[in-house]
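For reference, the structure is listed below as structure tokens.
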Amino acid sequence: MKFKKILQKLKQKFRENAPNWLFAIVQMVYWALHPKYPFIKIFPARGYWVAQYKRERLYVPSPRTAILGHFLGSYERVYGRYFWIERDEIVLDVGAYIGSFSIAAARKAKKVLAIEPNPKNYTCLQANVSKFANVQTVRKGVWNSKKKLKLYLDPRYPIAHSVVIPPGDKFIEIEVDTLDNIASELGFDKPDFIKINIEG
């Protein structure tokens, strides 16, 4: 029992403190040795990271991104169990991050609006959805009014940035607006499906 606790603590310390290149190598070795998971290559590319499984590439801001879920179709399984997008529906992906949900939705929806405020995540999002003509992206945050806010950046995890609870000292200024304003300005004022995953 003590050994398990020590191992868990060591894993957590490694996740928090290992440099990205070492994290990527260890992750790839784990996937290569684990019989349940596909082998996914992760390599750096011009300030970003690329995860590749067979012929599909996914641009990510960090190797610490939840890469495996994208390639295993997690969104399709989770949403498909309870409800799913019908053909010709209009979808809003609020907190689009790198676009995993937008990609899954774009395979059926008439059009998808992917909203993401972080510039680094947004660049990955644009690259990942570029082959889908029915996906439009916008670099903004969703708030209760139109203004600029400080987005505090998490130094390790690119999904944990926040305007409310600072995970660190570094921040960037982002544009925010109401969801109604963003959607109506871009012709998405009557959505059929809204997915919201934002840290606040």
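Values in this text are rule-based calculations from the coordinates and carry no lab data. Computed from a prediction, not measured in an experiment: that's the story for all the values here. Positions of Cβ are generated from backbone atoms using ideal geometry, with glycine treated the same way; all protein chains shown enter the neighbour counts.
Worth a mention:
- For the chain, the longest principal axis of the alpha carbon atoms and the long axis of helix 20-33 meet at an angle near 80°.
- Acute angle (nearest 10 degrees) that the helix 119-129 long axis makes with the longest principal axis of the chain, alpha-carbon atoms: 80
- Assigned charges on the beta-carbon of Lys, Arg, Asp, Glu; the chain dipole about Cα centre (debye): 1100
- Here the contact order of region 91-187, divided by its residue count and restricted to Cα pairs under 8 Å and six or more residues apart, works out to 24 percent.
- Its relative contact order, with pairs defined as Cα atoms under 8 Å and 6+ residues apart, puts the chain at 17 percent.
- Calculated mean residue ellipticity at 222 nm for the chain: -10000 deg cm²/dmol, from DSSP H runs with n ≥ 4 weighted as -39500 (n - 2.57), summed, divided by the residue count and rounded to 500.
- Remark: region 2-71 carries a charge dipole of roughly 300 debye about the Cα centre, counting +1 on each Lys and Arg Cβ and -1 on each Asp and Glu Cβ.
- Projected-area average for region 88-196 over all orientations - Cα convex hull basis, square nanometres: 6.4
- Potential lengthening of the chain between Lys190 and Arg156 amounts to 8.6 nm, from the contour at 0.36 nm per residue minus the alpha-carbon distance.
- Each peptide in 110-116, 3-9 was scored by the mean count of other Cβ atoms within 10 Å over its residues; highest first, the order is 110-116, 3-9.
- Here the alpha carbons of region 2-71 define both size measures, Rg and Dmax, at 13.1, 43 Å.
- Selected from Val26, Gln52, Ile67, residue furthest toward positive end of dipole (region 2-71; charges at beta carbon): Val26
- GNM top mover of Tyr37, Tyr122, Tyr75 - the chain, alpha-carbon springs below 10 Å: Tyr37
- Taking every Cα-Cα distance in region 133-177 and sorting them into 10 Å bins from zero, the calculated P(r) comes out as 27, 46, 23, 4 percent.
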